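Below: one structure, written as structure tokens.
What follows is calculated from the coordinates using simple rules that are stated; it is not laboratory data. Note that the structure is predicted; figures quoted are calculated from it, not measured. Neighbour counts are summed over all protein chains in view; Cβ atoms, including those assigned to glycine, are modelled from backbone coordinates with ideal geometry.
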Amino acid sequence: MTTADEQARWDAIDRPLGWLIALGGCVLILDQTIVQTGRLADFAPLWNAGALLVIAAIIGLAVSGMMLPRSALRTIWRTVPVAHLVLQSTWLVGFVGPDVDAARPWLWTVEPAVITLLLLIAKPVVAVAVGLGFSLVPALTSLLTLGRLTDEILIQTPNELGNVVYVAVFIGVRIQLERLHAGEREAQRQHERQVRAAARLEQHAVLARFVHDEVLSALSAGMHADGSPSQPLRRDARNAIEAISLSTGPEPEHDRPLTSTDALALLTASLRRIDAAFTLETECRPSQHQAKVVRTIALAAGEALRNSVRHAGPDTSRRVEITLSATLIRVCVRDDGVGYTPDPHSQRLGVQRSIVDRMADLGGSARIDTAPGRGTEVVLTWPT
């Protein structure tokens, strides 16, 4: 377990458990200890001072247990049971009252909370065993000091042995806290796995689109080239290099806001690299746009134009309309080529991933209108 995991577990289990135990101790103080204030006169001031320090420590844990440093809490958790044990084993030494047979240490009233603190520094089995021993200490002190059990101690000891039930209750609380922490950790790990998986899928999708849009175009041109590199091969190779630069350039540069004029220039230049002959119509209003949005739309529009160049026919004319405003980016790529029959079940990479999915991931939309013999129109809109 790493230091961070250990700290998270401690903050989720030990710290709140210690605070709950201290709150329970305060309830005992209000319910039982205050009733015993009349017995303070039967004990020496020094013994009473030590007992009151134990009481003050329990109250302090309840007040600031969720804020104190870990080292301070662990010191208090260890010190309180030790101090309680010392006081319980010296109760006859500190007793100054008239009737020892009617006496008992008034600090016994907070023993359930004290022995439950052992859960924070020992295993549950050890805490239960030691807790039972704590309840027997006043009786053992009576036997060793007086050679017998006093009447009050004989009556109260069986009742105090029942304090171990208090420990058992908090063992159950600890188990629940551990289950909650384990559930939260698993949920966090699941979320991290989902984020990593989504990032990997996005990387794969970007790579697949790039391979299809640029690399396959260059390879296709190369397959049909004879002798020295042809003009189509040179053009596609240049486009691939520029696309790589567009996708992998310096991050701060690409993330800067673009004016509508710069965005229009980027879109136009990207499309002109694919087809220099298309007719362009623009509507550009003063505005600013995220560079990532403009680059992604340029790639999607480029794939639509490239599909037209490849498949629409040799005598096809193409028209591109670009609209930019403060609330809209719209690019329409239209041709009068042969068209085709759309297949709603087709998962063709060029259309589905490089155009439709690319715009959907961006938060925009892509509409494709085509039919055999009447050309193709691809409309990209952001936002939807």
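Ordered by the count of other Cβ atoms within 10 Å of each Cβ, fewest first, 17, 266, 305 give 266, 17, 305.
Working note: Karplus 6.51/-1.76/1.60 with θ = phi - 60° gives the stretch 301-307 the couplings 5, x, 5, 4, 5, 5, 4 Hz, where Gly and Pro are set to x. Only Cα sites of the stretch 80-166 enter the Debye sum here, all with the same form factor; the resulting log10 I(q)/I(0) across q = 0.12, 0.19, 0.21, 0.24 1/Å is -0.34, -0.80, -0.95, -1.18, listed in q order. Taking θ as phi - 60° and the Karplus parameters 6.51, -1.76 and 1.60, the scalar couplings of the stretch 131-139 work out to x, 4, x, 4, 5, 8, 4, x, 5 Hz in sequence order, x denoting glycine and proline. Counted by neighbouring Cβ atoms within 10 Å, the residues 287, 308 run from fewest to most as 287, 308. The modelled label-to-label distance for the pair residue 101/residue 283, using points 7 Å beyond Cα in the direction of Cβ, is 10.7 nm. By the count of neighbouring beta-carbon atoms within 10 Å, fewest first, 84, 289 end up ordered 289, 84. Compare the Cα positions of 159, 67, 51 along the charge dipole of the stretch 3-162 (+1 at Cβ of Lys, Arg; -1 at Cβ of Asp, Glu; about the Cα centre) and return the one farthest towards the positive end. Checking the options against the dipole of the stretch 3-162, the answer is 67.
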